[in-house]
Each structure stands twice: as structure tokens, then as C-alpha cells.
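Have a look at the structure below before the remarks.
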Amino acid sequence: MTAPGLSADEIAFARSLVLFEDDSLIALDKPPGLSSQGGRIQARTLDDLLTAFARPGGQRPRLVHRLDRDTSGVILAARTKPAAAFLGKALMGRRVAKTYLAIVAPGAPEPPVGRLRRPLRRVSQGREVHMTICEDGDPDAETADTGWRTLARGPEAALVELRPHTGRMHQLRVHMASLGRPIAGDARYGGALVLAGAPAPRLLLHAWRLRVPTPGGGEAAFEAPIPVDLQALAARLDLDLPAGAALRPNPSHAAPAHA
């Protein structure tokens with residue numbers, strides 16, 4: 001089977017990302033370095049690769065939400081317009097539970113378990129857009145709510161579980177930076193670029209688990225294996241990964257060179 005505009009390698013790569021698939025939705029394991037949707041970089045995006053799942057005579061699935069280019073993990077696509085509308089409403093109604101893993105430095109946040117409710121606002125600098133903490137009364141304030149829990153700690157860094165209760169752009173990155181524990185590899189928000197003598201290869205944020213109501217009733221839960229680069233840095237920092245977590249075997253997902 002071929003898909004318009006995609007090579008056989010790209011189709012195989014797209015299908016290798018599938019965690020779950022039915023008539024209404026597809027759960028995918030997005031690798032780091034693959035953009036969710038179009039931007040300034042002229043390269044294949046996950047949205048482009050969804051053409052591999054289009055049915056004959058039908059439209060390709062559409063992404064329900066996004067992950068930053070360097071963030072890995074679970075992302076959802078809807079196969080139909082009704083499914084997209086249902087899942088969009090679930091996200092807006094905060095009925096989708098997301099759990100992330102991140103390596104932060106220096107050390108663990110204090111207290112080890114907490115919740116931060118601090119609004120954010122967008123700041124534009126030329127073609128660049130970033131987020132910053134602002135006051136509640138700011139006219140551009142966007143409500144932002146993040147929970148965290150320290151899973152493992154060492155002298156240089158910690159492994160934390162993050163739960164966004166809202167879905168603002170760069171929310172986890174800005175909130176952790178505001179606690180003095182930016183996510184490793186996050187050059188934009190002050191994250192450490194070298195830990196234990198080794199480079200942080202990218203933004204070390206992983207969309208680990210997602211629980212969502214389904215259009216057919218009930219709920220579905222998905223888990224993306226922890227990628228190889230996060231495993232390797234955690235081991236170097238003596239940070240134990242969660243017991244029972246699925247691990248991405250080596251080699252990790254790698255997009256075709258022309259994707």
C-alpha cells in the first residue's frame with residue numbers, strides 16, 4: 001500500500017510509531033526531532049506522515065494536540081471529524097490526563113511533590129515566540145496549572161513526573177524553570193546543556209502516559225516507551241527509571257533521512 005507523496009520508507013516509519021489504532025483514533029509514539037506540524041523547518045512533519053493512514057477516498061487523520069519538536073512520546077490523531085471534535089472537547093474540558101517524565105537540574109524541586117498555578121503570557125521577539133510567567137491581572141494572562149512529583153534524585157539532577165492540568169504552550173518548561181529546576185537540554189528556558197560530563201542531547205521531556213475518554217464510550221490509556229537518550233542520561237546520573245516502565249530498545253525510532 002502506498003500513500004500520495006510519501007515514500008515506502010516514510011510509510012513504514014509512520015506505521016512503526018503506532019501504539020494503538022481503531023476506527024476513531026490513532027495513538028502514536030512521536031520521536032524527538034520530528035515536528036508535529038509545519039513550521040519554519042522545511043521537513044516532513046508528523047502531520048504529513050499521517051497520510052500513511054488515509055483510507056482510499058478518505059481524508060488523512062488529523063492531530064488532536066501537539067508536542068514540541070524535541071519532546072517525545074504519546075500524541076493522538078483522530079480518524080474522523082466527529083472523533084476530532086469529541087477529543088478536542090475532551091481536551092478543552094480537561095478530561096484528558098497527561099503524564100510526562102523530565103530530567104531537571106540542578107537537583108530536585110522543593111518540595112518533592114507540589115502543584116504550581118501561575119499564569120503565562122506569550123512574548124514575541126521577531127519570528128520567535130516564547131512564554132513567560134506573569135501576574136494574574138495581566139490582560140494577556142493564560143491560566144496555567146502544573147503538578148510535579150520527584151521520582152529519583154541525585155547530586156546534579158532529578159527525574160520528575162509532571163502533570164499539566166492545563167495545556168499552554170511551553171507550560172511545563174516555563175513552570176519548571178520558574179522553580180529553579182529547568183528541564184535539561186532546554187536552551188530557551190535555561191536548562192543544563194551538559195550533565196555528568198555528557199551533553200543533554202535535546203529537551204529531555206517525554207510524554208509518557210495519556211488517558212482519554214473515547215468516542216465510543218469508556219476510556220483508553222496509552223504509554224510511550226522511554227526513549228534511549230533519556231534512559232542513557234538517567235543511567236549516567238544514577239536516576240532510577242519508574243518500575244515497570246516500558247523502555248525503547250536500541251536503536252530508537254529514526255525518521256528516514258529525507259523525512
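Being free of Cβ contacts under 8 Å to residues at least 40 places away in the same chain and open to solvent by 50 Å² or more (accessible area, probe 1.4 Å) is the filter here; which residues of segment 66-84 pass it? Give the derivation first.
The first filter runs over segment 66-84 and keeps only residues free of Cβ contacts under 8 Å to residues at least 40 places away in the same chain, leaving 66, 69, 81, 84.
Those that are free of Cβ contacts under 8 Å to residues at least 40 places away in the same chain and open to solvent by 50 Å² or more (accessible area, probe 1.4 Å): Arg66, Arg69, Lys81.
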Note to self: Go through segment 108-132 and report how many residues are open to solvent by 40 Å² or more (accessible area, probe 1.4 Å) and out of contact with any Asp or Glu (no Cβ under 9 Å at 6 or more places or on another chain).
What the structure shows: 12
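Only one of these is hydroxyl-bearing (Ser, Thr, Tyr), surrounded by 21 or more Cβ atoms within 10 Å (Cβ to Cβ) and either without any contact (Cβ under 8 Å) to a residue 40 or more places away in the chain or within 30 Å of Gly93 (Cβ to Cβ) (or both): Thr166, Thr146. Name it. Walk me through it before giving the result.
On the way: Thr166 fails: surrounded by 21 or more Cβ atoms within 10 Å (Cβ to Cβ).
Within the list Thr166, Thr146, the selection yields Thr146.
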Note to self: Yes or no: segment 228-238 includes at least one residue that is out of contact with any Leu (no Cβ under 6 Å at 6 or more places or on another chain), of a type in the set (A, V, I, L, M, F, W, C), open to solvent by less than 70 Å² (accessible area, probe 1.4 Å) and under 17 Å from Ala97 (Cβ atoms).
What the structure shows: no
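The values are calculated or read from the model by the stated rules, or taken from the named source; none is laboratory data. Keep in mind the model is a prediction, meaning the values are calculated, not measured. Every residue, glycine among them, receives a Cβ derived from its backbone with ideal geometry; neighbour counts consider all protein chains shown. Just so you know, the surface numbers come from the protein's heavy atoms only, side chains and all, with ligands and any DNA or RNA stripped out. Shrake-Rupley method; radii C 1.70, N 1.55, O 1.52, S 1.80 Å.
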